[in-house]
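Every read-out reported here was derived from the displayed coordinates using simple, explicitly stated rules and does not represent laboratory data. Just so it is clear, the structure is predicted and the values come from calculations on it, not from any experiment. Counting neighbours? That spans all protein chains shown, and the Cβs are built from the backbone with ideal geometry, glycine included.
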Amino acid sequence: MIHLYEGGAYLVNGTELIPDNNEAISAVKSKTGKEVTKESAAKETIAYGILENHNTSGNMDKLKIKFDKLTSHDITFVGIIQTARASGLEKFPIPYVLTNCHNSLCAVGGTINEDDHMFGLTCAKKYGGVYVPPHQAVIHQFAREMLAGGGKMILGSDSHTRYGALGTMAMGEGGPELVKQLLNQTYDINMPGVVAVYLKGEPVKGVGPQDVALAIIGAVFGNGYVKNKVMEFVGPGVASLSADFRIGIDVMTTETTCLSSIWQTDDKIKEFYDIHARSEEYKELNPGEVAYYDGVIEVDLSKIKPMIAMPFHPSNTYTIEELNANLMDILDDVEKRAAVSLDGAVDYTLKNKVKNGKFIVDQGIIAGCAGGGFENICAAADIMKGSYIGCDEFTLSVYPASTPIYMELMKNGCAATLLETGAILKTAFCGPCFGAGDTPANNAFSIRHSTRNFPNREGSKLQSGQISSVALMDARSIAATAANKGVLTPATDFDGEIGKYKYHFDTNIYANRVFDSKGVADESVEIHFGPNIKDWPVMGALPENMVLRVVSEIHDPVTTTDELIPSGETSSYRSNPLGLAEFTLSRKDPNYVPLAKDMQKAQTAVMNGECPIEAKPELKEVMEVINKEYPEVGKGNVGFGSTIFAVKPGDGSAREQAASCQKVLGGWANIANEYATKRYRSNLINWGMLPFLIEEGELPFKNKDYLFIPNIKKAVEEKAEVIKAYTVSESGLKEFSLKLGELTDEERQIILKGCLINYNRV
């Protein structure tokens, strides 16, 4: 089904793989009659060509990328624009699309969500952007329909910014990276590795894009095979997949922790652009005659079976057939994993879902940028036709990803078919993906064709004793389960026909509803500010020396951004930095906020020219210990703040708030064995926080300990590879070592200034 190469490989004529070994070069020559080198062949990937065309540095090892377009949704665009405004924004220099698909319900928080939307509309007018009103489209479907273009690059402030199937290299990053583009700065990275996803064969009936995606995620997430690399989809199997099928696989590449994705393109992608009245945006993309890849994921599509990702991660994958055959053993393993993810906060079991040897599901959801595509919903309708979900606990909600898709489902009858079964069709909304829509009952089990199944993504609150859980599945198997009244069923058990439906895109829907400035800014427009939209607080520069207090210690194998700053109902406060910060780590470590705020008193005193010890008397003893060895450290040359330790933080969402909320509460650093994603580490840096690394093993400190880092400013300025630090205790200073990893010169300056706003502020 999935085979990972141990090393790199050459792809010849787009069809034949030659593993990188001592005979590889001669084998390539015998096939092509040409002399090649690994270095020259590496330049023949699709990814290399696109990156080269967007690189402004003149050095392909050190990229400085300028994107063609930007996109954000209503959980992120207020903070981004506020940051850019504080940094001198006058006009959006490139097309910037503001969608409203996360806070679109406006169901909590009084007027504040709609205030955010009006902020977005007035900013689109003032600065020359595009505004997509609530319920029109989820962010990524609008981008596919209206923004993508062959050979183009798009940057989005959402982690699932992936349009590779359409020939667009797209990346999801935290808001500050979009701010840089708005200020005509660049996205700076080393040239990433490129891994081929070599597809062969074709899927069997009942297997959908989520099944292929989950099979790949299960094979590569744990071993980091594609971490921070580009996944390039090639091979003869690509031609067997429709555009919608490719899109459904592509959007899930985010869950592998890759940097981006790109696919070879063909007539099926040309047809997609033709249907959407944007034929000029199509570009045929193929690797060169001989292309070298740093790794290969070989996928036999014909052997993929319906998959399920069990709680609480998209990589916790099994075939549905395997799960049904080994229910109790697998559920026992899931419960052991849950004990780690949930810190034993609640009693968790799925074994009570097994009745008469069958696994019973409580809820089905087909939604968003992954599940809400036209073909997924049409297939679900065909599978469910003539069936009824019944009047018991099981429910099914379907969210088409855009209003044009919804309209076509109404015209071709699939919407009526689904409604007749007892399913409910809803408007375009991302809520079920992050815990703000269709929240199930306590202890319920939900199967969803969405992007993630982290803890709390289904709306539960551990601190209130609530828990339910999500498994990821393809729309086809969700429909088969719904037709079977909640009994977990793979779609390959369906023996009817799944039709092929022609899609027609109505351009009038967006033309008559979406505001498009066409890049023309109107300075006279006044921005709408609601009472919840707040400016960022003042942040100081990096001090010469630093005293940190560890205010949270997390030993989970991976810590998600959802755990750092919960999604769901907290989204209403994402335009209010101080209000949102109150939720930081609230579901993982409720003691974090009071400990961080207590330590912040000292730094606030320093910034106000007052005595930090008077603000926090406990520091008197800490400073006495430090001054025994460092008598010069004191007034004017020392800063105070907090830090957290986590083994591997930052998996999941691109939301910058996972870092900015810590900064707002006085955070100066994270300490980790490694960072789960490039985007989380970038968020830390852009908010002036030190992304410290410490070797795996026994920690030299524990929660609530004080740490002293002398000459930290000098270490950042002089690019020190190893940074001396101390644990402070009654017995004295105990030395240990930290590292910062690779930082660009610009990133060092951002840290030294204290944050990106300070770096850009004139």
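In nm, to one decimal, how far is the SER464 label point from the VAL538 one, both placed 7 Å along Cα→Cβ?
Here the answer is 3.8 nm between the modelled labels.
Mind listing P(r) for the stretch 140-252? All alpha-carbon pairs, 5 Å bins, whole percents.
2, 10, 19, 24, 20, 14, 7, 3, 1, 0
Could you check the spin-label model distance between LYS91 and VAL108? Points 7 Å from the Cα along Cα→Cβ, value in nm.
Modelled inter-label distance: 4.1 nm.
Report, please, the projected area of the stretch 67-188 averaged over directions, based on the convex hull of its C-alpha atoms, in nm².
The orientation-averaged projected area of the Cα hull of the stretch 67-188 comes to 7.0 nm².
Using 0.36 nm per residue of separation minus the Cα-Cα distance, give me the extension gain between CYS391 and LYS283 in nm, one decimal.
Length difference between fully extended and current span is 33.9 nm.
Once label points are set 7 Å from the Cα along Cα→Cβ at both ARG761 and GLU335, what is their separation, rounded to one decimal in nm?
About 5.4 nm separates the two model spin labels.
Find how much the distance from LYS628 to LYS43 grows on full extension, using 0.36 nm per residue of separation minus their present alpha carbon separation; answer in nm with one decimal.
204.9 nm
When 1/r is averaged over all different Cα pairs and the result inverted, which Kirkwood radius in Å belongs to the stretch 223-286?
On the way: mean 1/r = 0.0788 Å⁻¹.
Taking every pair of different Cα atoms in the stretch 223-286, averaging 1/r and inverting gives 12.7 Å.
Report the trypsin sites (Lys or Arg not before Pro) located in the stretch 588-636 that are in a DSSP loop and have at most 10 other Cβ atoms inside 10 Å of their Cβ, or state none.
Sites meeting the loop and neighbour criteria: LYS635.
Give me ARG574, ARG587 ranked fewest to most by other Cβ atoms within 10 Å of their Cβ, as a rough exposure proxy.
Ascending number of Cβ neighbours within 10 Å: ARG587, ARG574.
Compute and list, largest first, the equivalent-ellipsoid semi-axes of the stretch 599-670 from the alpha carbon gyration tensor, each √(5λ) rounded to a whole angstrom.
Working from the Cα gyration tensor, I get semi-axes of 28, 15, 9 Å.
Just flag the GluC sites (Glu not before Pro) in the stretch 634-722 sitting in loop per DSSP whose Cβ has no more than 13 other Cβ atoms within 10 Å. Provide the component values of the computation, followed by the final result.
Numbers: sites: GLU656, GLU674, GLU695, GLU696, GLU698, GLU717, GLU718, GLU721; in loops: GLU656, GLU674, GLU695, GLU696, GLU698, GLU718, GLU721.
Of the GluC sites (Glu not before Pro), the ones in loops of the stretch 634-722 whose Cβ has at most 13 other Cβ atoms within 10 Å are GLU695, GLU696, GLU698, GLU718, GLU721.
At 0.36 nm per residue, and after removing the present C-alpha to C-alpha distance, how many nm does the segment from LYS303 to GLU321 gain when stretched out fully?
5.2 nm
Relative to the longest principal Cα axis of the chain, at what angle does helix 77-86 sit, 0 to 90 degrees, rounded to 10?
So the inclination is approximately 40 degrees.
Computed over the Cα atoms of the stretch 517-666, what is the ratio Rg over Rh, Rh following Kirkwood?
Reported Rg/Rh (Cα atoms, Kirkwood Rh): 1.06.
Would you please name the trypsin sites (Lys or Arg not before Pro) within the stretch 696-762 that are DSSP coil residues with at most 13 other C-beta atoms within 10 Å of their C-beta?
LYS702, LYS704, LYS719, ARG761
Which of the lysines could be linked to LYS628 by a straight reach, that is with a Cα gap under 16 Å, when you skip same-chain ones fewer than 8 residues away?
LYS620, LYS734
Mind listing the Cα extents of the chain along all three principal axes, in Å, largest one first?
80, 67, 61
Rounded to the nearest 0.05, what FRET efficiency do LYS635 and HIS555 give with R0 = 41 Å and r taken as the Cβ-Cβ distance? Could you check? List each step's numbers first, then the result.
Values: r = 37 Å, r/R0 = 0.90.
With a Förster radius of 41 Å, E is 0.65.
Over the stretch 545-760, consider all pairs of different Cα atoms and compute the Kirkwood hydrodynamic radius from their mean reciprocal separation; express it in Å, one decimal.
The Cα-based Kirkwood calculation yields 17.3 Å.
Which value in deg cm²/dmol, rounded to the nearest 500, describes the helix-derived mean residue ellipticity at 222 nm for the chain, given -39,500 (n - 2.57) per DSSP H run of n ≥ 4 and division by the residue count? Show your work: numbers first, answer last.
Working: 29 runs with 242 residues, N = 762.
Result for the chain: -8500 deg cm²/dmol, rounded to the nearest 500.
Going by Cα centres, the stretch 292-368 and the stretch 41-74 are how many Å apart?
About 36 Å separates the Cα centre of the stretch 292-368 from the one of the stretch 41-74.
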